Amino acid sequence: MLQIIINKGKCSCCGVCVEACPADVLEIDNDGKARVKALSECIVCRNCQHLCPRKAIRVDLPEYKETRYDKDIILV
Amino acid sequence: MLNLSKKRLSGKKKIYETDVLIIGSGLAGLRAAIEASRYGVKVHLVDKSVIGYNSNTRISAGHIKAAAVKPRPFASSTPSSPIEHFKNKILIGEFLNNQRLTEILCFEATAKKYELKDFGIIGLIGVDKKGLQDYYSFPYASGLITPLIKTCKRIGVNILRNINVIDLISINDKVVGAYGFHGITGDFIIFKAKNTILATGGAGEVYKRNDTAVTATGDGLAMAYRSGALLMDMEMQHFEPFVHAEDNLPMMDRREAYAAWFGILRNKLGEDFLPKYLKKFNPDKDQPFHIQYGVYNPDIRHIISRAMGTEVYEKRGDQGAVFFDLSKVPDEAWNVDKSSLYLKHVLCRGYNLKKDWIHVMPGAITTLGGILINEKGETSLSGLNAAGEVVGGVHGAARFGGDALAEALIFGAIAGADAARKSLFSKDSNLNNFELIERKLERLAELFEKKSEFSLKEIEKKIKDTMWENVGLVRTKTGLEKAIERIKIIENDFNDKIGCNNLRDLKTVIEIKNMLQCSEMIALSALKREETRGVHFRYDFPFTDNKKWLKNIIIKKDNEDMILSTQGVDFSWYKPDTIPYDTDLVKVLQGVKELHHRKYGGK
C-alpha cells in the first residue's frame, strides 16, 4: 500500500516538498514541518522524496519499482 | 529554525536587471532560457515553485509528436510527414488553428525533438521490442526536465525559484519588467527586463476535476490580459477522458495503460454508450467501437469526453461519473502492463479490475486558447513574448496526443531566440521610477493586517465547482450566465473580505485572483460561441456552424471591461476542399484505426 513517511526529526522546515508537490498532497503544519494532507491525491511522482535536502520524506510503494527517470531530479 | 507557517513580507526590496526575463519553468520556459543564452545575453528564469518539477510537463506522459525522419510501418501514430501532420492538425482543430503557427509546429517538430539529444536527453526516441520507433517511449517527464535544468545551469542562466510574479510592468504599451515577492524570504522583487517571456502554462486548475499540476492557475493568461495583450479562443479547454473519479485514487489518467485500450465505458444502466455518440464517425457498424479504435485513443479524447459529459448531464451517470469496465481485458494485456503506472496507481490501492467497475470522468488538461502570438512568439505588446500552453491558436479547437509538449518545445525555442535578439538591439528600459510599484506592493502588506471572513480554500473550491458544473464538458446558455454571475459574486467577496496569515496564503490570494480572471474569460467566450466545435460543446447548439463560426474569439481589456470580438480564420495556407468536415474526420479516424490495428494486431 502507498505511504508517505515523514521523519519530523530530520525535517528542516524548508518547505521544498510542499512547493514541489504537483498534486497538493502535502502542507505545512503549525510547527513549520511538512504534513500529509491528502494521501489519496498522491500521483507517486516522488518530487518531494528526491528534492528534500535532508532526505526526511519518503514515498513508500513497495509494489512499484522506480525507473531511473524517477530518481534523476535536482534542486536548483 | 524557519517557520513558513508564520512567515510574512520582510519589507526589503530587491531589484534585478536583466536582458531576458522568463516567467515559468516548464518545458517552454527551460527551452526558451537555453535558446536565449545562446545569444550571449543575460537571462533570468523564475518560477513560483521549484524549477521544472511542479509543472504540467513533469506530470505529462512525455510524448513529443513529430513526423518520423524515415517513415516506419510500425511507428504507431507518428505522422509519416510534416505535411500529413499539418493537414490532420487542421482537421482535428476544426479549422480554428492559426495556420502559420500550426505549420511551424509540424515542420520544426522533428528537428527540435532530435536536437534534445544535445542536451543529454535520452530515451526520447525509444525503441520497442521489434526495434522500431515507439510512440510510448518516455515514461514520466522528469527525464526530460532534469537534463534541461542541468544545461541551463551549465550555460549560466540565472535561476530563481519561489518568485511569485504578481504583474508585468508596462510603460506606454511596452513591457519593461515584472514585480512580485519571494515566497520564502518575503522580499519584494522587481525585475527590470528588456524583454519578457511568459511561459506560465494553462489554467486547468480552474476546474474541480483536472489532471494538471497545482501551479496551472492561469497566472500568465491573467497577467497578459491585465497588461492589455490580446487573447484568443479561451473557451477551448481540453479534457482528458479517463481520469479517476474514486475517492481514494488521485485525479489522474491511466496513460500508457495498454489494458485500458480494451475497456468499455458504461453508464448507470450498464449500457456501453460510446458507440451511440460515435455512430457518425463509425464506418463499420458491425463491430463495437472500442474494438475498432481502442477506447484509450489519444486522438479522439475530446469526442469521448463529450460523450461522457452528456451521459452525466442527462442523468445516466453514477455520482457524477461513469463506469469503466475492464473485466473483458485479455490476460496477456495485463501482463504487458505489469510495470506501468496503472499498476502504480490502481492495483496497489486494492482494486480488483478483473471484477470491479471503476468510476472515471474527464478532467481538464490543456488550455488550448491563450495569448495571441505571431510566428516569432511576439504578443500584441512590445517587449513581451509568450510560449507554450499559455499561447493560443496552435491547436485550434482540439489536439492530438503529443502535440502539447511539441508546442512548448518549439515555441519556447522561437520565443527565446526572438527575445534575445531584440534585447541585443534595444536600449536600457526607461524604468527608473519604482514609486508606483512600491505602492502596489505595500498594499499587499495590508492584507496581513486583515482577518479573512472566508477561508481561501473555500473560495478556491467555489470557483472550481462553478466552473466544472457550468463551464465544463457540457455548456448551456443558462448555465454559462449563471457561472458568470457567480464568478462576479465570488470576485466581490474576494476583493473586500480577504486577509493572509503567511506568505503561502498571499501566494494563494494571487492565484485566486488570476483564476477568477481566467474563469471569466473562459465563460464569456463560451457564451459567445453559439455552436459546438472540438472541445467546446454547447448542449443548446449541438452542431458545428461553419457558415457563421469559422472565427476566433479575441479578448481585450478596455479600461476595466472585458471586450470580446471575433475575427475570421485566415485560410491562406491551407483550405480543405470540403468544409462540412464530417467526411474528413472519418478519414482521420480511419487512419487512426489502421495504425491501432497495426500496432496491436487488430484486436
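Only the coordinates and a few stated rules stand behind these numbers; no lab work does. All values derive from a computational prediction rather than experimental measurement. For neighbour counting, all protein chains shown are included, and Cβ atoms are generated from backbone atoms with ideal geometry for every residue, glycine included.
Residue by residue, the stretch A:14-29 carries 3J(HN,Hα) couplings of 7, x, 4, 4, 5, 5, 8, 6, x, 10, 6, 7, 9, 8, 8, 7 Hz when phi is fed to the Karplus relation 6.51 cos²θ - 1.76 cosθ + 1.60 (θ = phi - 60°); x denotes Gly or Pro. One chain, two ends: B:ASN172 and B:LEU436. Fully extended at 0.36 nm per residue, the span grows by 93.6 nm beyond their Cα-Cα distance. Legend: residue pairs B:LYS192/B:LYS427; B:LYS48/B:LYS427; B:LYS194/B:LYS557, Cα-Cα distance threshold 19 Å; pairs beyond threshold, B:LYS48/B:LYS427; B:LYS194/B:LYS557. The modelled label-to-label distance between A:LYS37 and B:SER81, using points 7 Å beyond Cα along the C-beta direction, is 5.2 nm. Amide H to amide H, with H built 1.01 Å from N, B:LYS14 comes under 5 Å of B:PHE188, B:ILE189, B:ILE190, counting only residues 5 or more places away or on other chains. For the peptide B:160-172, the mean number of other protein chain Cβ atoms found within 10 angstrom of a residue's Cβ is 1.
Of interest is the spacing of the C-alpha centroids, which for chain A and the stretch B:425-492 amounts to 29 Å. Expressed as a fraction of 2.2 N^0.38 Å, the value expected for a compact globular protein of N residues, the C-alpha radius of gyration of the stretch B:439-556 is 1.28.
With K and R counted +1 and D and E -1, the other residues having a Cβ less than 13 Å from that of B:TYR225 yield a net charge of -2. Quick one: if the Förster radius is 60 Å, what FRET efficiency do B:LYS6 and B:LYS575 give, using the C-beta to C-beta distance and rounding to 0.05? For R0 = 60 Å, the calculated efficiency reads 0.45.
Taking only the Cα atoms of the stretch A:3-61, how large is their convex hull per residue, in Å³?
68
Between A:GLU63 and B:ARG421, the modelled label-to-label distance comes to 5.3 nm, taking each label 7 Å out from Cα in the direction of the beta carbon.
Given their separation in residues at 0.36 nm each and the Cα-Cα distance between them, B:ASP493 and B:LYS276 gain 73.7 nm when the chain is fully extended.
Estimated at 0.36 nm per residue, the fully extended path between B:LEU269 and B:ASP118 surpasses their Cα-Cα distance by 49.0 nm. For the stretch B:179-221, list residues with backbone N below 19 Å from a point placed 7 Å from the Cα of B:MET562 toward its Cβ? Flagged as within label range: B:201-209, B:216-221.
Checking the cross-link pairs A:LYS33/B:LYS451; B:LYS113/B:LYS422; B:LYS87/B:LYS150; A:LYS37/B:LYS42 against a 32 Å limit on the alpha carbon distance flags B:LYS87/B:LYS150; A:LYS37/B:LYS42 as lying beyond it.
Note on the stretch B:439-556: with charges restricted to the Cβ of Lys and Arg (+1) and Asp and Glu (-1), its dipole about the Cα centre is near 440 debye. Charged neighbours of B:ILE149, selected by a Cβ distance under 13 Å, balance to +4 (K, R count +1; D, E count -1).
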